[in-house]
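Working notes, structure below.
The values are calculated or read from the model by the stated rules, or taken from the named source; none is laboratory data. All values reported here derive from a predicted model rather than from experimental measurement. Virtual Cβ from ideal backbone geometry, glycine too; neighbours counted across all protein chains shown.
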Ligand SMILES: C[S@@+](CC[C@H](N)C(=O)[O-])C[C@H]1O[C@@H](n2cnc3c(N)ncnc32)[C@H](O)[C@@H]1O
């Protein structure tokens, strides 16, 4: 498990995985991890002549807005994972991405193990965690986050500890996309390719969680892998499909 992000570690991981960590961008035909001075590590690419950049920022306006608007344990995500019934939940976020959902869950008191298999994205997470731990306002939240860099399918088949809840947010095509969001998605797709192992991931999650598996879906979408959930929690923009686990959730 990676738990720190010294620059030399990033450079080593980048070199091993054909990603570059550079200080100065001159060529954006590929994907680049960049870090300038004290600033954030970001993953950049040139897409349709636009420089697109993503980073992990737990202090961002978007996350602050979600924290303010969240209404604590009554918000949809909290209800979906069962926080209105039990506290101190142990959650595995098996598709961690940029860690936004994991951070909200940690802000609600959950211990969250984030798992991300794309190494450049994991590096962004490490960088965000490192900076978050230096910020007194969010330090205690970030300390409830852990990161594993591996395929969740492997981990969930032999977990160190079975989690209460497994959270999945697989990539899906957004309906109402701004040009910027479209390009951020293109950047991630360039990195990930097409995810073809969704069903294996869902089944691994269903046999690992002790209480429930929660899958984030776009409103109106088919259930993930065609498997109907036990119940659904909807918001204006999207929904959470909840699979309750009594013994083995797959049955
Ligand atoms: C849509 S993003 C998740 C966004 C995240 N919920 C957030 O709040 O930022 C999906 C992420 O899951 C990762 N992923 C997909 N399948 C995975 C697997 N089997 N193991 C680990 N990571 C996986 C992808 O690499 C991608 O970064």
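The figures follow:
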{"item": "Subset of the range 223-242 that is part of a loop (DSSP other than H, G, I, E, B) and in contact with a strand residue (DSSP E or B) (Cβ under 7 Å, 6 or more places away or on another chain) - its residue that is surrounded by the fewest Cβ atoms within 10 Å (Cβ to Cβ)", "result": "230"}
{"item": "Hits in the range 46-64 - residues which are touching a strand residue (DSSP E or B) at 6+ places or on another chain (Cβ under 9 Å), farther than 18 Å from residue 123 by Cβ and either modelled with pLDDT of 80 or more or loosely packed, with under 15 Cβ neighbours inside 10 Å (or both)", "result": "51"}
{"item": "Hey, residue 129 more than 10 Å from the ligand (Cβ to nearest atom) and modelled with pLDDT of 90 or more or not", "result": "yes"}
{"item": "Filtered residues of the range 128-175 (kept if assigned to a strand (DSSP E or B) and out of contact with any helix residue (DSSP H, G or I) (no Cβ under 7 Å at 6 or more places or on another chain))", "result": "146"}
{"item": "Condition met for residue 182 (modelled with pLDDT under 95 and away from the ligand (no atom under 13 Å from the Cβ))", "result": "yes"}
{"item": "Count of the range 109-120 residues which are modelled with pLDDT of 90 or more and either crowded, with 22+ Cβ neighbours inside 10 Å or in a helix (DSSP H, G or I) (or both)", "result": "6"}
{"item": "Residue in the range 207-218 that is more than 17 Å from the chain's Cα centre (by Cα), surrounded by fewer than 15 Cβ atoms within 10 Å (Cβ to Cβ) and within 16 Å of the ligand (Cβ to nearest atom) present", "result": "no"}
{"item": "Residue 98 being farther than 28 Å from residue 45 by Cβ and under 11 Å from the mean Cα position of the chain (by Cα)", "result": "no"}
{"item": "Some residue of the range 70-84 being within 18 Å of the chain's Cα centre (by Cα), at pLDDT 95 or above and assigned to a loop (DSSP other than H, G, I, E, B)", "result": "no"}
